[in-house]
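The values are calculated or read from the model by the stated rules, or taken from the named source; none is laboratory data. Note that the structure is a prediction, hence the values are computed from the model and not measured. FYI the Cβ positions are ideal-geometry reconstructions off the backbone, even for glycines, and counts take in every protein chain you see.
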Amino acid sequence: MTNYTFDEIHQQPAMWRKELENLLAKKAEISAFMHKYLTPDTDIVLTGAGTSAFIGDALCPVMRGMWRNVRSVPTTDLVTHAKYLLDAERPLLLISFARSGNSPESVAAVNLANKVCKNVAHVYITCNAQGKLALQAKANGERLEAKVDNNILLLLLPEETDDKSLAMTSSFSTMLLTCLMLGHIDTLEQDKEQIEKAAKNAEAVITEYEEKLKEIASRPFERGVFLGSGALKGIAEECHLKLQELTDGAVVCKFDSFLGFRHGPKAVVNSKSIVVYLMTDQEEVQRYERDLVKQVDANNTPVAQIIVIGGKAPELPGVKADLVVRMPYGYEENTFYGIVPFVVVGQLLGFYASKAHGLNPDAPSVSGNIHRVVEGVTIYE
């Protein structure tokens, strides 16, 4: 049995540092491209499929502070409804996230944008130099960490992030971080300390909490719930998929915001559930999160409750948390690099739950229902 998933989870801090240096080396070229195609009227669409789409969901709440007209639209929606979702008259910057760059929807979404919109530019954030997206940008198989070809900016991530396992781990987090850095490209040198904090927080999660997460993952549970507010809701979305796909659906998972969870979805919590709370450090938001944690704790007896926090652990008197994961290097609200290491908790839970169910985390789909690159999709004219 291979150990791709284990290695790909653990390599993430190193990949983030490596990608930072890649972008700094090409900063002038990247900045010139962004200034050329970003105008006050530009419609910015973050797109991808599955985990790659969740990157946009996590980024939108924070990127609006930098890019006013930013939206997250999955390629799986663009393929069927491009003419409704894209404005033909407005300039479009389509930012495509793709581990392999070979998913049928990834290529189709790019082609449809070119057909529907009169003025379009592309940013490809991808991990595979031989993928269709990278080759479309005329990378020609070269590992050019950043390349501009007319209206296309290719950001090719370190080759190690082209995860060999079924589940996306280092590809997800490094593509997410890359887009955050793209939004701060003109001040990226000043952000090095905050990116390093994010890397150190991920290392701390692995060093200090992996064994406890492994023990919790071995408990008998059938449902998983991940909650987050703002950008962390997008991270919760990715965590829920990791646990579900790595257990081949034996654990059925949900995600939501803390406030949204009250409106019906809370019914899923029972004695065979685990609940993971991804909590912000923003007091005006955390007060709502604390209320929900206390309510769930008072009304339910889940198998485990895990609190993940970027800074100081919240005051929750009487709450029976099985684990409090604290990021010792803090959570930077002004740039939101701090959201990235939160995903490591969901990845580790998924990995060890997969093993607890007797599965191979690198290829957990016994039925063959899911594949590393999606299969069976026909793109119609």
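Against the definition (in the same structural domain as residue 225 (by TED's automatic domain parsing), farther than 22 Å from residue 163 by Cβ and within 21 Å of the chain's Cα centre (by Cα)), how does residue 330 come out, yes or no?
yes
Checking each residue of segment 41-63 against the condition of being assigned to a loop (DSSP other than H, G, I, E, B) and of a type in the set (Phe, Trp, Tyr) gives no match.
Looking only at segment 121-163, which residues are among the charged types (D, E, K, R), in a strand (DSSP E or B) and modelled with pLDDT of 95 or more?
So in segment 121-163, the residues among the charged types (D, E, K, R) come out as 132, 138, 142-143, 145, 147, 149, 159-160, 162-163.
Then drop every residue that is not in a strand (DSSP E or B), which leaves 147, 149.
Of everything in segment 121-163, nothing turns out to be among the charged types (D, E, K, R), in a strand (DSSP E or B) and modelled with pLDDT of 95 or more.
Annotation: residue 30 fulfils all but one of (1) assigned to a helix (DSSP H, G or I); (2) of a type in the set (Val, Ile, Thr); (3) more than 16 Å from residue 154 (Cα to Cα); the unmet one is (3). So, in segment 97-125, of the ones that are polar (S, T, N, Q) and touching a strand residue (DSSP E or B) at 6+ places or on another chain (Cβ under 8 Å), which residue ends up farthest from residue 38 (Cα to Cα)? Ranking the candidates gives 100 first. Just wondering, is there one or more residues in segment 202-210 that are more than 18 Å from the chain's Cα centre (by Cα) and either of a type in the set (S, T, N, Q) or not assigned by TED's automatic domain parsing to the domain that holds residue 344 (or both)? Yes, there is a match, as at least one residue in segment 202-210 is more than 18 Å from the chain's Cα centre (by Cα) and either of a type in the set (S, T, N, Q) or not assigned by TED's automatic domain parsing to the domain that holds residue 344 (or both). If you go through segment 224-273 and keep only what is in a helix (DSSP H, G or I) and either aromatic (Phe, Trp, Tyr) or outside the structural domain of residue 284 (by TED's automatic domain parsing) (or both), you end up with 258, 261. Close Cβ contacts (under 8 Å, 6 or more residues apart or on different chains) running from residues in segment 14-28 that are at pLDDT 95 or above to residues that are surrounded by fewer than 16 Cβ atoms within 10 Å (Cβ to Cβ) comprise 20/192; 24/189.
Evaluation of residue 290 against the conditions (1) among the basic types (Lys, Arg); (2) within 24 Å of residue 176 (Cβ to Cβ); (3) modelled with pLDDT of 95 or more shows that the sole unmet condition is (2). Looking only at segment 244-257, decide whether some residue is over 23 Å from residue 322 (Cβ atoms), of a type in the set (Asp, Glu) and crowded, with 21+ Cβ neighbours inside 10 Å. Among the residues of segment 244-257, at least one is over 23 Å from residue 322 (Cβ atoms), of a type in the set (Asp, Glu) and crowded, with 21+ Cβ neighbours inside 10 Å, which makes the answer yes. If you go through segment 77-120 and keep only what is part of a loop (DSSP other than H, G, I, E, B) and in contact (Cβ under 8 Å) with a residue 40 or more places away in the chain, you end up with 86, 87, 90, 91, 99, 100, 102, 103.
Answer yes or no: is there a residue in segment 38-52 that is aliphatic (A, V, I, L, M) and under 14 Å from residue 154 (Cα atoms). Scanning segment 38-52 turns up no residue that is aliphatic (A, V, I, L, M) and under 14 Å from residue 154 (Cα atoms).
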